[in-house]
Amino acid sequence: MKILKRLLKIIFGLIGVLTLCGIIILWVDSSGSDYLKIDKNDLASNNSYIITHVNIIPMNQDTVLVDKMVYIKEGIIEKIADTIEVRGIEIFDAKNKYLTPGLIDMHVHVWDRYELGLYLSNGVTAVRNLWGMPMHLRIKEDLIKDNIFSPAFFTTSPKLTGREFIGDDNLNLTNPSEAKEKVISYKDRGYDLIKTYYGLDKEIFDAVIEQAKISEIDIVAHPSQKVPFSYHLNPQIKSIEHAEEIVQQPLQFDLEAIKLQPIIDSIAQSKHTSYCPTITGFNNIYQMMMDDSILDSESLEFMNPLIKKTDSKSQFYRWFYAKQNDSTVVSRIKNQHDFHITIVQKLHEAGANIVCGTDAGIGVTTPGFSIHKELKFYKEAGLSNYEVLRTATVNASKTHAIMNSMGTVEVGKIANLLLVDENPLLALSSLENPTCVFVRGRKLDRETLESYNEKAKHRKNLIASALRYLENLIIEK
């Protein structure tokens, strides 16, 4: 009996030590991203001022409003006019630069707070995180309390799958009652959206949709192979993810434009459902096969260390060995990527609401930087610069009611804005290094944004990230 008591004492002691070590590691990592905290006494926290001599690209119409003034009051666009007079307020001279809505990335996977700075540095002032975990609710809480500089942050629930186990990163649902309970729970806990995933059968999927409607929470769908593709055009599903899912499911890898058209038409006719192609995420498979040194590239230094060590590495070797075993796999992936461009072209021609998403944060798709690559693919698909920019602004903002307050430069909208040197309607590349990013009206200059990049590049938080993922497994399973 004494031996058992001594053994239990040792075990509990070890648990206590490990718990304390975990708390210290997480505290150190949290303090590492303190540069994102808002100091209310600092000049950068000012969110009321007038911008003068600015050319506005409003994005509610294809035009430029030349040499205007913009009054931003407490983070909201109060007035736009030729002349505005407000006493005792800061004046910010834009020097004839161009003011646009901030970019919105509608498909990301956030692993730490350093990534929030990477998004801001690249002009992304709102993200839709599609792999919800408890740490994301804490980010939301800090945003609500106005504690940190961050893109507007919207997150789905954990990924809902069916009865079959397809990885510990998913939440397996076993019956309709459980599905409804999870939807209710996720809404109550503060998740903004429900994420449905591969493997959901009709019985459980119906329960998710039914409860989501009752709970008034939108669904974002990674298509399930266990229901027809057309099933995802349900009004409660506000967006469908990934162009490759059209290839893999309804087309069964048959890259035939004639067979594609009825699918495109059905999506376009469904006025309540947007499509998020995530061309970049798939294209990076091709990039991995073409560049054997990609894991050592500078761009990968911006990936979360845990993801780089695990997911980036495993995806690289998966495709490295695939091309070693089958010489045709490279051309097959390239042909499918080219067909994804065709899908975007057809969606656009049919009038579907295309929203920009990158699948950033996994594989080798870097947070923030990848959105500019995604926009270039839409340009390649035949969209004008204005139409390309719409996918990451106004199109995205109208996908969910909770995002309607952004996406255009209009009175009453949140002042999530970019100031760029050149007109992006003529040169999309001007969006890549904005002179200034406005987050809820607060100005971040280029020097500050570059410092965000450097902080993220040199972070060492592999263990802290693993602990947060472990937390997710414990709480959500």
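Of the residues that make up segment 324-341, is at least one touching a Lys or Arg at 6+ places or on another chain (Cβ under 6 Å) and in contact (Cβ under 8 Å) with a residue 40 or more places away in the chain? Yes, that holds for at least one residue.
Return the pairs, sorted by first residue and then second, in which the second residue is surrounded by 14 or more Cβ atoms within 10 Å (Cβ to Cβ) and part of a loop (DSSP other than H, G, I, E, B), the first residue lies in segment 162-186 and is in contact (Cβ under 8 Å) with a residue 24 or more places away in the chain and of a type in the set (G, A, S), the beta carbons are less than 6 Å apart, and the residues are 6+ apart or on different chains. Matching pairs, first to second residue: G162/G199; G162/L200; G162/D201; A179/L173. Taken as a whole, the structure leaves M59 outside the set of residues that are in a strand (DSSP E or B), in contact with a helix residue (DSSP H, G or I) (Cβ under 7 Å, 6 or more places away or on another chain) and crowded, with 20+ Cβ neighbours inside 10 Å.
Quickly run through segment 273-296 and pick out the residues that are more than 30 Å from A401 (Cα to Cα), touching a helix residue (DSSP H, G or I) at 6+ places or on another chain (Cβ under 7 Å) and among the polar types (S, T, N, Q). Scanning segment 273-296 gives N283, Q287.
Identification of strands (runs of 3 or more DSSP E) wholly contained in segment 91-186 with 2 or more residues that are among the hydrophobic types (A, V, I, L, M, F, W, C) yields 103-108, 124-129, 152-161. Of all residues in segment 337-383, exactly one satisfies the criterion of being buried (at least 24 other Cβ atoms within 10 Å of the Cβ) and of a type in the set (F, W, Y), namely Y378. The residue that is surrounded by the most Cβ atoms within 10 Å (Cβ to Cβ), among those in segment 80-95 that are within 18 Å of L444 (Cα to Cα) and of a type outside the set (F, W, Y), is A94. Among the residues of segment 260-285, those that are crowded, with 18+ Cβ neighbours inside 10 Å, farther than 13 Å from A360 by Cα and among the hydroxyl-bearing types (S, T, Y) comprise S270, T273, S274, Y275. Of all residues in segment 426-456, those satisfying the criterion of being part of a loop (DSSP other than H, G, I, E, B) and surrounded by 19 or more Cβ atoms within 10 Å (Cβ to Cβ) are P434, R440, G441. Checking each residue in segment 82-107 for being of a type in the set (A, V, I, L, M) and out of contact with any Phe, Trp or Tyr (no Cβ under 8 Å at 6 or more places or on another chain) picks out A94, L99, L103, I104, M106.
Taking the criterion of being within 30 Å of K373 (Cα to Cα) and either in a loop (DSSP other than H, G, I, E, B) or modelled with pLDDT under 95 (or both), the residues of segment 62-90 that qualify are D62, T63, V64, G75.
Could we say that I294 is modelled with pLDDT of 95 or more, surrounded by fewer than 23 Cβ atoms within 10 Å (Cβ to Cβ) and either out of contact with any strand residue (DSSP E or B) (no Cβ under 6 Å at 6 or more places or on another chain) or among the small types (G, A, S) (or both) here? Spelling it out, I294 is indeed modelled with pLDDT of 95 or more, surrounded by fewer than 23 Cβ atoms within 10 Å (Cβ to Cβ) and either out of contact with any strand residue (DSSP E or B) (no Cβ under 6 Å at 6 or more places or on another chain) or among the small types (G, A, S) (or both). Only one of the numbered conditions (1) in contact (Cβ under 8 Å) with a residue 60 or more places away in the chain; (2) more than 28 Å from P235 (Cα to Cα); (3) exposed (fewer than 15 other Cβ atoms within 10 Å of the Cβ) is violated by A257, and that is (2).
The values are calculated or read from the model by the stated rules, or taken from the named source; none is laboratory data. Note that this is a predicted model, so its numbers are computed, not measured. We place every Cβ from the backbone using ideal geometry, glycine too, and count neighbours over all the protein chains shown.
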